Structures are given as C-alpha cells and as structure tokens.
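Asker: This structure is in structure tokens; I'll ask about it shortly.
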Amino acid sequence: MTKSDATNAKQLLDIITSDTKVFVLSGAGVSTASGLGDYRDSKGQWKRAQPITGQVFRTDVLARHRYWARSSVGWPAFSQAQPNQSHAALAQLERVGIVQSLVTQNVDELHQRAGHETVIDLHGVLSSVSCINCGFKQSRNEFQQRLLENNAWLGKLNARYAPDGDADLETDALMLEKLASMQIPNCPQCEDLLKPDVVFFGESVPKTRVEQAMRQLNDADVLLVTGSSLMVYSGFRFCRDAHQRNQPIVIINDGVTRADELATLKVSGDCTTQLSHLANALTE
C-alpha cells in the first residue's frame with residue numbers, strides 16, 4: 001500500500017466503521033476491472049458518442065436496427081463478464097451488516113453474481129427484454145437466439161466491445177443495406193416492439209424505484225459513492241439529498257464527479273483497491 005493509499009484508507013475508516021450503516025451508489029467504474037467499459041473520462045467528459053435515446057429507439061427504425069446489430073456483437077462478452085474485487089468487497093461488507101443497501105447505475109447484475117442480496121438496479125438490467133405494449137418479458141439470451149436465426153450474417157460480425165453490451169460496428173454502405181433489411185423479433189404475444197429492460201438515455205427512472213432507494217438512503221448513516229462520475233442526474237440526486245440532510249458523503253472515483261464539492265471525503269483512484277482495503281480492515 002502506498003503512502004497515499006494508506007492515508008485514504010485511514011480517512012475512510014474514520015468515517016466508515018464496523019457500526020456504520022452504509023448506503024452504496026455504484027457506477028461503471030466498479031465494473032471496469034471485469035472488462036466492461038465506461039462512458040466518461042477522468043474529467044467527466046464523454047469518451048464516445050452518447051448512447052441511443054429511448055425516443056430514437058422507439059421511433060427510428062434504422063437506428064433501432066443499428067442498436068440491435070451492435071448489441072448482437074457485444075452481448076456475448078457482456079453476458080459472460082464476471083464480478084471483480086470491488087463487487088466482492090461490497091458483498092463482504094453487506095454480509096457483516098455494514099452495507100445496508102446498494103443502488104447501482106450499472107445494468108450488468110455483477111453485484112448479484114458476487115453474492116450481494118440487497119441491490120436496486122436503478123437503470124434496470126440488460127439480461128431481459130420486454131414488450132413496450134403488453135409487457136411480455138423474454139430473456140436476452142433467448143432474444144439473441146431469435147435475432148441470429150432471423151439474421152445469420154450478424155453471427156459473422158466482429159467489432160470492438162463498448163459499454164453496456166454495445167459494439168463499435170462500422171456502418172458503411174453495405175452495412176447500411178443489411179441494416180435496412182434486418183428482421184428484428186417482435187413480441188410473440190402482440191407483435192409490438194421488444195425493448196431491453198434498461199432506462200435508456202433520456203428516459204426517467206421509474207418513480208417507485210427512486211422512492212424505494214431514497215427511503216433506504218434516509219435510513220443510512222453514510223452515503224458511499226463508488227465508480228460514478230455522477231454526471232447523470234439519476235445518480236447525483238442521491239448526493240444532493242444526502243447533502244441537504246447533512247449526511248456524510250464519501251466518494252471513491254478515478255476522476256472528477258459532479259458532487260465533489262458536496263463530499264465529506266473524496267478518494268481519487270482505483271475503487272477496487274480502496275474497497276478491498278476497506279472490506280479487509282472492517283472484516284478481519
């Protein structure tokens with residue numbers, strides 16, 4: 001452990017002790033060590049084009065086809081990602097009663113795979129799709145099988161993986177022609193659109209989900225944010241609420257966040273290292 005890490009670890013332990021009830025908000029930085037990408041750089045700026053919006057997905061046929069083509073390439077690797085030490089540390093802190101609740105902005109379910117039990121998936125999960133009309137639900141794996149059966153050429157594509165099961169697929173004239181003729185599986189019950197069970201960019205998190213998370217935050221002693229730039233309001237709102245109630249806020253993130261000025265303690269750097277140190281210190 002470096003001198004800087006040791007100082008950060010001590011400051012963390014001054015705020016979070018074995019008797020502290022912690023509410024965790026996690027972001028993409030928690031999953032990067034699992035091989036999954038993130039959207040923003042250390043300055044909080046977009047690394048890539050903004051993801052597709054819910055409105056565009058519903059109304060723009062070509063954009064929707066492009067989304068599913070890219071997703072067909074990215075999904076296999078995304079679905080096979082495994083939890084890393086950050087997920088394990090938070091699950092360990094839950095088992096000993098320190099982490100009381102966890103809200104994640106991620107859609108990968110890696111917290112659950114690590115054994116975490118009290119998880120609110122703020123932005124939903126990518127492992128299933130639902131009909132926008134009748135609510136019929138289907139696993140993403142089953143949808144993938146149907147998608148490839150309808151469009152065998154998708155199985156031959158290769159592209160660099162991108163965040164949230166996406167892939168950087170080149171769209172030249174030939175690809176645009178193929179996209180235009182894609183056959184996307186519709187709902188087997190009503191033939192309407194199937195959509196991933198995630199909150200797309202520009203959509204609102206369901207009110208009941210936010211209210212549940214806010215109740216849990218209100219019952220906690222400390223808000224711990226890890227791996228999130230908080231540039232999206234859906235996450236920042238928890239910091240704003242905690243700050244208004246003078247609730248301590250600890251942020252562990254590799255880069256600036258929207259709530260740095262609200263934080264009781266800001267720890268820069270790798271969240272895997274800091275969370276592992278915290279869990280080891282409080283559970284040994």
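Asker: Mind checking whether some residue in the range 86-101 is surrounded by fewer than 22 Cβ atoms within 10 Å (Cβ to Cβ), part of a loop (DSSP other than H, G, I, E, B) and in contact with a Ser or Thr (Cβ under 8 Å, 6 or more places away or on another chain)?
Answerer: Within the range 86-101, one or more residues are surrounded by fewer than 22 Cβ atoms within 10 Å (Cβ to Cβ), part of a loop (DSSP other than H, G, I, E, B) and in contact with a Ser or Thr (Cβ under 8 Å, 6 or more places away or on another chain).
Asker: Within the range 261-271, track down each residue that is within 20 Å of the chain's Cα centre (by Cα) and surrounded by fewer than 22 Cβ atoms within 10 Å (Cβ to Cβ).
Answerer: If the condition is that a residue be within 20 Å of the chain's Cα centre (by Cα) and surrounded by fewer than 22 Cβ atoms within 10 Å (Cβ to Cβ), then 268, 269, 270 are the ones that fit.
Asker: Could you give every pair whose Cβ atoms fall below 6 Å, whose first residue belongs to the range 136-155 and is within 15 Å of residue 193 (Cβ to Cβ), and whose second residue is assigned to a helix (DSSP H, G or I), counting only separations of at least 6 or pairs across chains?
Answerer: Within 6 Å, the pairs are 147/72.
Asker: Consider only pairs whose beta carbons are under 8 Å apart and that are at least six residues apart or on different chains; among these, list those whose first residue lies in the range 196-208 and is closer than 11 Å to residue 232 by Cα and whose second residue is crowded, with 18+ Cβ neighbours inside 10 Å.
Answerer: Pairs found: 201/51; 201/52.
Asker: Quick check on the range 267-280. Is at least one of its residues assigned to a helix (DSSP H, G or I) and under 30 Å from residue 140 (Cα atoms)? Even if it seems obvious, please write down each step before you answer.
Answerer: Taking the range 267-280 as the starting set, the residues that turn out to be assigned to a helix (DSSP H, G or I) are 271-280.
Still in the list and also under 30 Å from residue 140 (Cα atoms): 271-272.
The answer is yes; a qualifying residue exists.
Asker: Pairs under 7 Å by beta carbon, first residue not assigned by TED's automatic domain parsing to the domain that holds residue 150 in the range 166-193, partner assigned to a helix (DSSP H, G or I) and loosely packed, with under 10 Cβ neighbours inside 10 Å, six or more apart or different chains?
Answerer: none
Asker: Which residues, counting only those in the range 145-162, are crowded, with 20+ Cβ neighbours inside 10 Å and touching a Pro at 6+ places or on another chain (Cβ under 8 Å)?
Answerer: 147
Asker: Need a quick list: strands (runs of 3 or more DSSP E) entirely within the range 123-241 having at least 3 residues that are of a type outside the set (Asp, Glu) and more than 30 Å from residue 252 (Cβ to Cβ).
Answerer: Working: elements: 124-131, 137-139, 160-162, 166-168, 194-198, 222-226.
Passing ranges, in order: 124-131, 137-139.
Asker: Now a separate question. Please tell me if residue 215 is at pLDDT 95 or above, of a type outside the set (A, V, I, L, M, F, W, C) and surrounded by 14 or more Cβ atoms within 10 Å (Cβ to Cβ). Working first, answer last.
Answerer: Working: at pLDDT 95 or above: yes; of a type outside the set (A, V, I, L, M, F, W, C): yes; surrounded by 14 or more Cβ atoms within 10 Å (Cβ to Cβ): no.
So residue 215 fails the test.
The values are calculated or read from the model by the stated rules, or taken from the named source; none is laboratory data. Computed from a predicted model, the values in this text were never measured in an experiment. As a convention, Cβ positions derive from the backbone with ideal geometry for all residues, glycine included, and neighbour counts pool all protein chains shown.
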